[in-house]
Ligand SMILES: Cc1ncc(COP(=O)(O)O)c(C=O)c1O
């Protein structure tokens with residue numbers, strides 16, 4: 001079976017994992033610092049502060065707390081988003097309000113988002129999807145006009161560029177994910193990028209159950225036995241083992257970028273001009289996280305079964321959140337694009353270092369199917 005996702009874990013990652021275990025300091029330590037520095041170098045804006053955490057979901061939860069979102073507040077999010085964002089919003093008692101997406105990019109439709117803004121709106125989530133980026137200039141303008149915060153979910157887009165600027169370098173607050181299937185994995189992990197040292201220090205406490213012990217002590221593979229606890233916090237810090245793997249992954253950024261762009265373009269070339277298929281948009285300078293086709297005329301399930309019979313696995317990213325039982329009563333705007341594409345999207349295998357032979361095989365099967 002050709003899997004939808006496949007991690008690029010080689011001897012470098014395995015050696016790094018071994019090194020971190022041999023040190024005998026399994027908790028947060030010096031590799032976490034190294035990982036944060038590396039993310040910071042990729043983001044490339046020295047005025048920004050990076051805080052590593054244990055998942056993308058915990059990054060989002062801490063962002064909600066950092067922005068002091070609470071009961072009664074509304075957060076506008078595409079319904080077509082990862083469940084992690086939704087759980088983070090409701091974890092602080094705020095309410096998600098579902099917005100539609102742009103049909104080209106599958107990222108939030110800002111014209112429709114503006115219609116959802118009211119007195120209770122405190123924030124809007126701009127999530128980059130797969131190989132496409134949200135309209136970040138426009139979301140910034142909208143946020144300024146209505147005095148709301150922008151949460152940039154860049155779980156898919158570390159290392160990509162928006163209008164020449166590195167992702168993470170221009171947003172007020174952004175987050176990344178390093179989960180098992182992401183473009184860069186630390187097995188599990190996440191990171192938050194903020195503008196001020198004050199925000200960074202607050203996040204340091206919140207990721208460590210509210211303990212005020214200094215990150216700089218832990219970054220030396222040590223811990224302090226005396227500290228204060230003033231605020232709510234969670235056990236969200238990243239372990240050395242994960243960070244050590246993450247460090248090695250990020251060293252491969254150029255290689256991973258080159259290979260994913262080449263595979264993505266090969267898919268797009270080979271799947272042009274086939275009736276019943278819409279190929280995904282590609283923004284220049286992005287590192288594609290996945291390859292999401294749209295299959296028209298209710299052919300998707302037939303296609304899934306056909307490809308499975310040919311030993312090609314596929315995925316669905318995602319079912320929109322407004323369709324889940326938990327969110328049935330949530331407010332939403334016109335979701336016509338979301339409701340259309342939800343029956344069409346199909347993720348094809350895309351990995352780092354994927355072979356042309358595999359792509360040619362998969363695309364020839366799709367052609368055969370039609
Ligand atoms: C857009 C988006 N945001 C957030 C997350 C959550 O990240 P994690 O899986 O690291 O918790 C994901 C995970 O797939 C995602 O795709």
Quiz item: Of 333, 164, 29, which has the largest mean-square fluctuation in a 10 Å C-alpha GNM of the chain?
Solution: 164
Quiz item: Which of rounded, prolate, oblate describes the chain, given a ≥ b ≥ c as roots of the alpha-carbon gyration tensor eigenvalues and a/c under 1.5 marking rounded, otherwise prolate only if a/b is larger than b/c?
Solution: oblate
Quiz item: Given the Cα-Cα distance of residue 310 and residue 326 and 0.36 nm per residue of separation, how much length would full extension add, in nm?
Solution: 2.1 nm
Quiz prompt | Over the chain, relative contact order from alpha-carbon pairs under 8 Å, at least 6 apart, % | solution = 25
Quiz item: Taking a spot 7 Å from the Cα of residue 269 along the direction of its beta carbon, which residues of region 333-354 have an amide N less than 19 Å from it?
Solution: 349-354
Self-check item: In nm, spacing of pseudo-spin labels at residue 343 and residue 228 (7 Å Cα→C-beta vector)
Solution: 5.9
Practice problem: Once you have the Cα-Cα distance between residue 216 and residue 140, take 0.36 nm times their residue separation minus that, and quote the gain in nm to one decimal. | Solution: 24.0 nm
Practice problem: Just grab the label-to-label distance for residue 318 and residue 46, each label 7 Å out from Cα along the Cβ direction, in nm (one decimal). | Solution: 3.7
Practice problem: Just report the Cα centroid separation between region 317-354 and region 160-204, whole Å. | Solution: 23
Practice problem: Report the residues of region 34-53 in range of a label on residue 235: point 7 Å along Cα→C-beta, backbone N strictly under 17 Å from it. | Solution: 53
Quiz item: What residue among 81, 330, 221 has the largest mean-square fluctuation in a Gaussian network model of the chain, using Cα springs under 10 Å?
Solution: 330
Quiz item: Calculated from DSSP H runs of 4 or more alone, at -39500 (n - 2.57) each and per residue, what is the 222 nm mean residue ellipticity of the chain, nearest 500?
Solution: -11500 deg cm²/dmol
Practice problem: Out of all DSSP beta bridges with both ends in the chain, state the antiparallel percent to the nearest 5. | Solution: 55
Quiz item: How much length, in nm to one decimal, is gained on full extension between residue 163 and residue 254, taken as 0.36 nm per residue of separation minus their Cα-Cα distance?
Solution: 30.9 nm
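We did not get these values from a lab; they are worked out from the coordinates using the rules stated. Predicted model, so just to flag it, every value in this text is computed and none were measured. Positions of Cβ are generated from backbone atoms using ideal geometry, with glycine treated the same way; all protein chains shown enter the neighbour counts.
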